[in-house]
Each structure stands twice: as C-alpha cells, then as structure tokens.
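The structure appears below as structure tokens.
Every read-out reported here was derived from the displayed coordinates using simple, explicitly stated rules and does not represent laboratory data. Nothing here was measured: the structure is a model prediction, and the numbers come from that model. With ideal geometry, Cβ positions are generated from the backbone for all residues, glycine too; neighbour counts draw on all protein chains shown.
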Amino acid sequence: MAHLILASSSPRRRELLTQVGLEFGVLSPEIDECVLPNEAVQDYVARLASEKAKTVLSQQPAAIVIAADTTVSIDGDILGKPESKDHAFAMWQQLSGRRHQVYSGVCVATAECSKTIVVKTEVEFAVMQPHDMESYWNSQEPLGKAGAYAIQGLGAQFVPAIYGSYSNVVGLPLFETLQLLKAVKALN
C-alpha cells in the first residue's frame with residue numbers, strides 16, 4: 001500500500017488521525033491562504049485543501065495524501081486566525097451569543113485521483129464578557145486558531161452546543177475523511 005501523508009502541521013489533525021489508528025508521515029506545504037475576491041467559504045476551504053494535497057503530491061507522487069483546511073464563518077464572513085489581540089476581540093464580539101459555522105475542506109489524493117468534500121458544523125457560542133476575552137487571550141490558546149478559539153481546549157467553556165461533527169470543529173472531520181480515504185484506495 002502507498003505511504004499515507006498528512007499535509008498539515010496541525011497537531012490536532014495528527015492527534016485525530018492517530019486516534020483512529022492510522023499510521024502516516026507529515027509534510028506541511030506552504031501555500032497562499034488568501035481569500036479570493038467574492039470567494040464563498042465552502043469554495044475557499046475546498047480550494048486550500050486541494051492545493052495542499054497537490055503541493056505534497058508534487059514532492060511525494062507515490063503517496064496517498066490527506067489535506068484539510070478549516071475555517072470559521074459567520075454572516076458570510078470568513079474568520080481566520082487572529083492577527084492581533086484587537087482582531088481576536090473583534091471576532092469574539094461577532095461570535096458572542098450567536099451561532100456560527102465551522103467549515104472544513106478535506107482532500108484525499110493520489111497521483112491517479114483526487115476527492116474533495118466540505119463538511120459544515122453549526123456552533124453555538126456563549127456571550128463573552130470583556131474579562132472573558134482578556135483572560136482567554138492571555139492564555140495564548142487563541143493564537144493560530146480560526147475564529148480565535150479551540151473547542152478542544154479552554155475555548156470549550158464558550159461552546160454550549162454544536163450541531164454536527166465535533167472533530168470537524170477541532171480541524172478534521174474524521175468520519176468523512178475516512179470515507180474519502182476508503183474511496184480513493186478503492187479506485188487505486
């Protein structure tokens with residue numbers, strides 16, 4: 001069987017794949033993650049996942065590659081990783097007391113075929129008071145996280161409910177990823 005590679009530097013994605021018993025290597029591709037003009041969030045995460053997979057396949061053409069991109073969206077806006085404390089606070093003010101969506105694009109690819117899906121999970125976010133924001137920012141957990149929170153960490157205190165895949169909110173929808181992996185292996 002071909003060598004499996006996760007095209008990501010995310011420790012959360014590594015933990016999720018390990019949780020389901022997969023053995024894999026890791027190769028983190030460098031790609032431009034800018035949102036294109038008028039790009040819908042579903043198209044954005046699917047495009048990035050596909051580009052990550054293609055980049056890794058160009059270096060490891062005999063591999064099976066799993067690539068993903070996850071982002072937070074509210075009111076059609078894409079909330080990426082916070083660039084500063086003020087940026088994180090602005091995101092939390094937008095999310096506070098409301099529902100938002102977490103989208104992951106997942107691409108499983110080989111040199112012969114590629115399959116990409118997008119998974120959406122609805123997330124309820126609690127009302128965040130200014131002292132909550134200050135305390136959470138000081139934990140440093142929000143750094144490098146889409147929407148400036150991590151549901152698998154301290155951010156869980158702000159999420160009373162989710163509707164859909166928990167692993168999707170963490171960064172990789174496991175059920176759907178494993179289904180894609182089975183489909184791609186069957187085609188080879």
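Counting only residues 5 or more places away or on other chains, whose amide H sits under 5 Å from the amide H of Phe125 once H atoms are built in the peptide plane?
Under 5 Å from the amide H of Phe125 lie the amide H atoms of Gly97, Arg98, Arg99, His100, each far enough along the sequence or on another chain.
Charges at C-beta only: +1 for Lys and Arg, -1 for Asp and Glu. How large is the resulting dipole of the range 4-187 about its Cα centre, in Debye rounded to 20?
For this selection, approximately 540 debye.
Taking the Cα-to-Cβ direction at Thr18 and at Glu134 and moving 7 Å from each Cα, how far apart do the two end points lie in nm?
Label-label distance for Thr18 and Glu134, simple model: 3.7 nm.
Based on DSSP, what percent of beta bridges with both residues in the range 4-187 are antiparallel, to the nearest 5?
Given both bridge residues lie in the range 4-187, the antiparallel proportion sits at roughly 85 percent.
For the chain, what's the relative contact order in percent, using C-alpha pairs closer than 8 Å and at least 6 residues apart?
Reported as a whole number, the value is 22 percent.
Using a basic spin-label model with each label point 7 Å from the Cα along Cα→Cβ, how many nm lie between Leu143 and Val35?
Distance between label points: 2.4 nm.
So what is the relative contact order of the range 1-87, in percent, for Cα pairs below 8 Å that sit 6 or more residues apart? Could you put the intermediate results ahead of the total?
Numbers: 98 pairs, mean separation 29.4, N = 87.
Reported relative contact order: 34 percent.
If you take the beta carbon distance between Ile162 and His3 as r and set R0 to 22 Å, what does 1/(1 + (r/R0)^6) give as a FRET efficiency, to the nearest 0.05? Intermediate values should be presented prior to the final figure.
Details: r = 34 Å, r/R0 = 1.52.
In this case the efficiency is close to 0.05.
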